Ligand SMILES: [Zn+2]
Ligand SMILES: [Zn+2]
(Lines give C-alpha, C1' and ligand atoms only; values in the text may rest on other atoms or scores of the structure.)
(Ligands and ions follow the chains in the order given, each with its own letter.)
Protein backbone atom coordinates (compact mmCIF):
# COMPACT_ATOMS: atom_id res chain seq x y z
CA UNK A 1 0.00 0.00 0.00
CA UNK A 2 1.35 3.38 -0.89
CA UNK A 3 0.06 6.43 0.83
CA UNK A 4 -1.53 9.13 -1.25
CA UNK A 5 0.85 12.10 -1.45
CA UNK A 6 -0.13 14.94 0.86
CA UNK A 7 -2.19 17.47 -1.01
CA UNK A 8 -0.44 20.71 -1.80
CA UNK A 9 -1.68 23.81 -0.02
CA UNK A 10 -2.91 26.95 -1.74
CA UNK A 11 0.09 29.28 -1.92
CA UNK A 12 -2.07 32.13 -0.74
CA UNK A 13 -4.41 30.94 2.03
CA UNK A 14 -2.59 27.71 2.97
CA UNK A 15 -5.66 25.45 2.88
CA UNK A 16 -5.58 22.24 0.84
CA UNK A 17 -6.40 23.13 -2.77
CA UNK A 18 -9.48 20.87 -2.80
CA UNK A 19 -10.97 22.72 0.21
CA UNK A 20 -10.84 25.93 -1.83
CA UNK A 21 -12.64 24.46 -4.86
CA UNK A 22 -9.55 23.05 -6.58
CA UNK A 23 -6.51 24.46 -8.29
CA UNK A 24 -6.46 27.54 -10.49
CA UNK A 25 -3.66 29.48 -12.10
CA UNK A 26 -2.89 33.03 -11.13
CA UNK A 27 -1.04 35.08 -13.74
CA UNK A 28 1.84 37.12 -12.35
CA UNK A 29 0.93 39.71 -14.99
CA UNK A 30 -2.88 39.65 -15.12
CA UNK A 31 -4.25 38.26 -18.38
CA UNK A 32 -6.50 41.31 -18.93
CA UNK A 33 -3.33 43.46 -18.84
CA UNK A 34 -1.52 41.15 -21.25
CA UNK A 35 -4.42 41.34 -23.69
CA UNK A 36 -5.09 45.06 -23.34
CA UNK A 37 -1.44 46.01 -23.90
CA UNK A 38 -0.61 43.07 -26.20
CA UNK A 39 2.15 41.72 -23.96
CA UNK A 40 1.57 38.00 -24.50
CA UNK A 41 4.47 37.45 -26.91
CA UNK A 42 6.82 39.95 -25.32
CA UNK A 43 9.66 38.23 -23.57
CA UNK A 44 10.68 39.13 -20.08
CA UNK A 45 14.18 38.32 -18.89
CA UNK A 46 15.36 38.40 -15.37
CA UNK A 47 18.34 37.69 -13.19
CA UNK A 48 17.21 35.60 -10.26
CA UNK A 49 18.18 36.81 -6.83
CA UNK A 50 20.64 34.24 -5.60
CA UNK A 51 22.56 35.92 -2.84
CA UNK A 52 21.33 35.94 0.73
CA UNK A 53 23.21 39.17 1.23
CA UNK A 54 21.02 42.02 2.45
CA UNK A 55 22.08 44.12 -0.54
CA UNK A 56 21.01 41.53 -3.11
CA UNK A 57 18.65 42.55 -5.83
CA UNK A 58 16.74 40.86 -8.57
CA UNK A 59 16.35 42.63 -11.86
CA UNK A 60 13.84 41.77 -14.47
CA UNK A 61 14.99 43.99 -17.26
CA UNK A 62 15.99 43.43 -20.88
CA UNK A 63 19.55 44.50 -19.99
CA UNK A 64 20.58 41.54 -17.83
CA UNK A 65 23.71 39.67 -19.06
CA UNK A 66 22.78 36.65 -21.21
CA UNK A 67 24.38 33.99 -19.02
CA UNK A 68 22.43 35.15 -15.97
CA UNK A 69 19.08 35.38 -17.63
CA UNK A 70 16.02 33.30 -17.39
CA UNK A 71 13.46 34.13 -19.97
CA UNK A 72 9.67 33.74 -20.18
CA UNK A 73 6.83 34.99 -22.25
CA UNK A 74 4.74 37.34 -20.15
CA UNK A 75 1.84 35.03 -20.73
CA UNK A 76 3.64 32.01 -19.30
CA UNK A 77 4.49 33.56 -15.93
CA UNK A 78 1.93 31.64 -13.95
CA UNK A 79 1.60 30.62 -10.39
CA UNK A 80 0.10 27.13 -10.48
CA UNK A 81 -1.20 26.49 -6.99
CA UNK A 82 -3.79 29.02 -5.90
CA UNK A 83 -7.21 27.78 -4.85
CA UNK A 84 -10.34 28.83 -6.77
CA UNK A 85 -11.77 30.51 -3.68
CA UNK A 86 -8.81 32.87 -3.40
CA UNK A 87 -8.25 33.43 -7.09
CA UNK A 88 -11.85 33.91 -8.20
CA UNK A 89 -12.97 35.50 -4.95
CA UNK A 90 -11.16 38.24 -3.06
CA UNK A 91 -8.07 38.31 -5.32
CA UNK A 92 -10.30 38.85 -8.32
CA UNK A 93 -12.09 41.68 -6.45
CA UNK A 94 -8.78 43.43 -5.87
CA UNK A 95 -8.07 43.09 -9.59
CA UNK A 96 -11.50 44.41 -10.57
CA UNK A 97 -11.31 47.46 -8.28
CA UNK A 98 -7.94 48.56 -9.69
CA UNK A 99 -8.30 47.67 -13.39
CA UNK A 100 -9.74 50.90 -14.85
CA UNK A 101 -7.30 53.09 -12.90
CA UNK A 102 -4.37 50.89 -13.88
CA UNK A 103 -5.25 51.18 -17.56
CA UNK A 104 -5.32 54.99 -17.45
CA UNK A 105 -2.13 55.15 -15.35
CA UNK A 106 -0.30 52.75 -17.68
CA UNK A 107 -1.34 55.01 -20.57
CA UNK A 108 0.05 57.97 -18.63
CA UNK A 109 -3.26 59.70 -17.89
CA UNK A 110 -3.82 59.58 -14.14
CA UNK A 111 -6.91 61.84 -13.94
CA UNK A 112 -9.07 60.46 -11.19
CA UNK A 113 -8.20 57.31 -9.37
CA UNK A 114 -8.83 55.29 -6.24
CA UNK A 115 -5.29 55.27 -4.80
CA UNK A 116 -6.07 52.64 -2.21
CA UNK A 117 -7.34 50.14 -4.80
CA UNK A 118 -4.20 50.54 -6.95
CA UNK A 119 -1.95 50.26 -3.88
CA UNK A 120 -3.63 47.05 -2.74
CA UNK A 121 -3.29 45.62 -6.26
CA UNK A 122 0.43 46.45 -6.18
CA UNK A 123 0.93 44.61 -2.88
CA UNK A 124 -0.99 41.58 -4.17
CA UNK A 125 1.21 41.55 -7.28
CA UNK A 126 4.37 41.82 -5.16
CA UNK A 127 3.26 38.79 -3.14
CA UNK A 128 2.53 36.72 -6.28
CA UNK A 129 5.93 37.77 -7.54
CA UNK A 130 7.60 36.60 -4.30
CA UNK A 131 5.96 33.19 -4.58
CA UNK A 132 6.76 32.86 -8.29
CA UNK A 133 10.44 33.84 -8.03
CA UNK A 134 11.21 32.61 -4.49
CA UNK A 135 13.95 35.12 -3.58
CA UNK A 136 16.07 34.43 -0.46
CA UNK A 137 15.47 37.93 0.96
CA UNK A 138 13.01 40.71 0.21
CA UNK A 139 10.04 38.37 0.47
CA UNK A 140 6.50 39.61 0.94
CA UNK A 141 5.20 37.57 3.90
CA UNK A 142 1.97 35.63 3.64
CA UNK A 143 0.52 37.70 6.49
CA UNK A 144 0.75 40.82 4.30
CA UNK A 145 -1.16 39.09 1.49
CA UNK A 146 -3.79 37.87 3.95
CA UNK A 147 -4.19 41.41 5.27
CA UNK A 148 -5.59 42.23 1.82
CA UNK A 149 -8.19 39.50 2.27
CA UNK A 150 -9.09 40.30 5.87
CA UNK A 151 -8.64 44.04 6.41
CA UNK A 152 -8.83 47.43 4.73
CA UNK A 153 -5.84 49.54 3.65
CA UNK A 154 -2.25 48.29 3.80
CA UNK A 155 -0.39 46.38 6.54
CA UNK A 156 1.64 48.45 9.03
CA UNK A 157 4.94 49.57 7.52
CA UNK A 158 3.90 49.07 3.87
CA UNK A 159 3.66 52.06 1.54
CA UNK A 160 2.97 52.15 -2.18
CA UNK A 161 4.37 54.97 -4.31
CA UNK A 162 4.04 55.77 -8.00
CA UNK A 163 5.46 57.86 -10.80
CA UNK A 164 4.41 58.42 -14.41
CA UNK A 165 7.01 58.77 -17.18
CA UNK A 166 6.56 59.99 -20.77
CA UNK A 167 7.78 56.78 -22.50
CA UNK A 168 6.27 53.32 -21.96
CA UNK A 169 8.55 50.50 -20.77
CA UNK A 170 7.91 47.14 -19.14
CA UNK A 171 10.14 45.72 -16.45
CA UNK A 172 10.23 44.47 -12.88
CA UNK A 173 12.75 44.73 -10.16
CA UNK A 174 13.17 43.90 -6.53
CA UNK A 175 15.86 45.80 -4.72
CA UNK A 176 16.43 45.45 -1.01
CA UNK A 177 18.92 48.23 -0.52
CA UNK A 178 17.59 50.81 1.95
CA UNK A 179 19.01 54.10 3.14
CA UNK A 180 18.62 54.10 6.92
CA UNK A 181 19.16 56.57 9.74
CA UNK A 182 19.22 55.35 13.34
CA UNK A 183 19.42 57.37 16.56
CA UNK A 184 22.19 56.46 18.96
CA UNK A 185 20.20 54.14 21.22
CA UNK A 186 18.62 52.40 18.23
CA UNK A 187 22.02 52.07 16.51
CA UNK A 188 23.43 50.30 19.59
CA UNK A 189 20.44 47.98 19.71
CA UNK A 190 20.82 47.24 16.01
CA UNK A 191 24.45 46.31 16.51
CA UNK A 192 23.25 43.77 19.08
CA UNK A 193 20.67 42.23 16.79
CA UNK A 194 23.22 42.45 13.99
CA UNK A 195 20.75 44.12 11.60
CA UNK A 196 19.66 40.63 10.65
CA UNK A 197 16.00 41.20 11.44
CA UNK A 198 15.83 43.99 8.90
CA UNK A 199 16.20 41.47 6.11
CA UNK A 200 12.42 41.31 6.35
CA UNK A 201 12.26 44.65 4.54
CA UNK A 202 11.26 44.49 0.89
CA UNK A 203 10.84 46.71 -2.11
CA UNK A 204 9.29 45.83 -5.48
CA UNK A 205 9.12 47.93 -8.61
CA UNK A 206 6.69 47.32 -11.44
CA UNK A 207 7.18 49.40 -14.55
CA UNK A 208 3.94 49.05 -16.46
CA UNK A 209 3.97 51.23 -19.56
CA UNK A 210 4.24 54.82 -18.30
CA UNK A 211 3.42 53.87 -14.73
CA UNK A 212 5.96 52.78 -12.12
CA UNK A 213 4.65 51.33 -8.88
CA UNK A 214 6.94 50.87 -5.89
CA UNK A 215 5.82 48.65 -3.03
CA UNK A 216 7.96 49.57 -0.04
CA UNK A 217 8.12 47.81 3.30
CA UNK A 218 10.34 48.91 6.13
CA UNK A 219 9.43 47.03 9.33
CA UNK A 220 8.56 49.97 11.56
CA UNK A 221 5.14 51.44 12.22
CA UNK A 222 6.27 54.41 14.33
CA UNK A 223 9.24 55.88 12.43
CA UNK A 224 8.16 58.00 9.46
CA UNK A 225 9.58 57.18 6.02
CA UNK A 226 11.00 60.10 4.04
CA UNK A 227 10.36 60.18 0.30
CA UNK A 228 11.76 62.33 -2.51
CA UNK A 229 8.74 63.90 -4.18
CA UNK A 230 10.74 64.66 -7.31
CA UNK A 231 10.96 60.89 -7.87
CA UNK A 232 7.82 59.36 -6.42
CA UNK A 233 4.49 60.23 -4.91
CA UNK A 234 2.57 58.22 -2.34
CA UNK A 235 -0.55 56.31 -3.35
CA UNK A 236 -1.39 54.80 0.03
CA UNK A 237 0.53 54.12 3.17
CA UNK A 238 0.59 52.03 6.33
CA UNK A 239 3.23 54.25 7.96
CA UNK A 240 3.66 58.02 8.50
CA UNK A 241 5.48 59.73 5.59
CA UNK A 242 7.30 63.01 5.19
CA UNK A 243 8.96 64.73 2.26
CA UNK A 244 12.71 64.20 2.16
CA UNK A 245 15.46 65.25 -0.24
CA UNK A 246 19.04 64.00 -0.19
CA UNK A 247 20.17 67.05 -2.18
CA UNK A 248 21.54 64.88 -5.00
CA UNK A 249 20.48 65.94 -8.53
CA UNK A 250 19.75 62.32 -9.50
CA UNK A 251 20.91 60.13 -12.36
CA UNK A 252 18.12 60.99 -14.77
CA UNK A 253 15.45 59.07 -16.61
CA UNK A 254 17.86 56.61 -18.24
CA UNK A 255 18.92 55.44 -14.80
CA UNK A 256 15.62 55.82 -13.09
CA UNK A 257 15.79 52.40 -11.42
CA UNK A 258 19.03 53.41 -9.75
CA UNK A 259 17.46 56.62 -8.42
CA UNK A 260 14.38 54.78 -7.28
CA UNK A 261 16.31 52.00 -5.56
CA UNK A 262 18.90 54.16 -3.82
CA UNK A 263 17.48 57.67 -3.45
CA UNK A 264 13.72 57.60 -3.35
CA UNK A 265 13.16 56.93 0.35
CA UNK A 266 14.93 57.27 3.68
CA UNK A 267 14.01 54.96 6.53
CA UNK A 268 14.51 55.53 10.23
CA UNK A 269 15.06 53.35 13.22
CA UNK A 270 14.45 55.21 16.46
CA UNK A 271 14.40 54.27 20.11
CA UNK A 272 10.91 55.76 20.58
CA UNK A 273 8.72 53.89 23.02
CA UNK A 274 6.52 51.31 21.29
CA UNK A 275 3.14 50.05 22.43
CA UNK A 276 2.47 46.27 22.28
CA UNK A 277 0.54 46.73 19.01
CA UNK A 278 3.35 48.64 17.23
CA UNK A 279 5.79 46.71 15.08
CA UNK A 280 8.74 45.53 17.17
CA UNK A 281 11.88 47.70 17.31
CA UNK A 282 13.96 44.66 16.30
CA UNK A 283 12.74 44.79 12.70
CA UNK A 284 11.06 41.38 12.69
CA UNK A 285 7.89 42.95 11.27
CA UNK A 286 5.81 41.37 14.07
CA UNK A 287 3.91 43.42 16.65
CA UNK A 288 5.98 44.05 19.78
CA UNK A 289 3.76 41.99 22.12
CA UNK A 290 4.04 38.88 19.93
CA UNK A 291 7.69 39.39 19.03
CA UNK A 292 8.81 39.46 22.65
CA UNK A 293 6.99 36.19 23.33
CA UNK A 294 8.70 34.62 20.32
CA UNK A 295 12.08 36.03 21.45
CA UNK A 296 12.55 38.22 18.37
CA UNK A 297 12.73 35.65 15.56
CA UNK A 298 15.06 36.74 12.76
CA UNK A 299 13.19 35.49 9.73
CA UNK A 300 9.47 36.03 9.72
CA UNK A 301 8.90 36.23 5.98
CA UNK A 302 6.73 33.12 6.02
CA UNK A 303 4.66 34.06 9.04
CA UNK A 304 0.93 33.99 9.12
CA UNK A 305 -2.05 35.75 10.44
CA UNK A 306 -2.43 38.55 12.87
CA UNK A 307 0.90 38.63 14.67
ZN1 LIG B 1 -6.51 29.82 -1.25
ZN1 LIG C 1 11.32 41.81 18.05
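The values are calculated or read from the model by the stated rules, or taken from the named source; none is laboratory data. Because the structure is predicted, anything quoted here is derived from the model rather than measured. A quick note on method: Cβ atoms are made from the backbone with ideal geometry, for glycine too, and the neighbour counts reach across all protein chains shown.
Odds and ends about this structure:
- Check on residue 172, touching a strand residue (DSSP E or B) at 6+ places or on another chain (Cβ under 8 Å), modelled with pLDDT of 95 or more, surrounded by 15 or more Cβ atoms within 10 Å (Cβ to Cβ) and part of a strand (DSSP E or B): no
- Index of the failed condition, residue 165 passing every other in (1) under 18 Å from residue 229 (Cα atoms); (2) modelled with pLDDT under 90: (2)
- For the stretch 75-112, a residue qualifies if it is at pLDDT below 90 and assigned to a helix (DSSP H, G or I), and the qualifying residues are 75, 76.
- Total residues in the stretch 175-197 satisfying the condition of being within 22 Å of the chain's Cα centre (by Cα) and either at pLDDT 75 or above or over 18 Å from residue 299 (Cα atoms) (or both): the figure is 7.
- Condition met for residue 246 (part of a loop (DSSP other than H, G, I, E, B), under 29 Å from residue 170 (Cα atoms), away from ligand 1 (no atom under 16 Å from the Cβ) and in contact (Cβ under 8 Å) with a residue 12 or more places away in the chain): yes
- The stretch 90-126, subset within 16 Å of ligand 1 (Cβ to nearest atom) and out of contact with any strand residue (DSSP E or B) (no Cβ under 9 Å at 6 or more places or on another chain), residue farthest from residue 162 (Cα to Cα): 90
Results for (1) closer than 18 Å to residue 186 by Cβ; (2) modelled with pLDDT of 90 or more, shown as yes or no for each residue.
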residue	(1), (2)
208	no, yes
216	no, yes
225	yes, yes
265	yes, yes
282	yes, no
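- In the stretch 267-279, the residues that are modelled with pLDDT under 90, within 15 Å of ligand 2 (Cβ to nearest atom) and under 23 Å from residue 204 (Cβ atoms): 269
- Qualifying residue in the stretch 265-282 (condition: on the phi > 0 side of the Ramachandran plot and either assigned to a loop (DSSP other than H, G, I, E, B) or surrounded by fewer than 20 Cβ atoms within 10 Å (Cβ to Cβ) (or both)): no
- Flag if residue 258 is exposed (fewer than 15 other Cβ atoms within 10 Å of the Cβ), closer than 16 Å to residue 157 by Cβ and out of contact with any helix residue (DSSP H, G or I) (no Cβ under 9 Å at 6 or more places or on another chain): no
- Subset of the stretch 201-225 (residues that are more than 18 Å from the chain's Cα centre (by Cα) and assigned to a strand (DSSP E or B)): 209, 210
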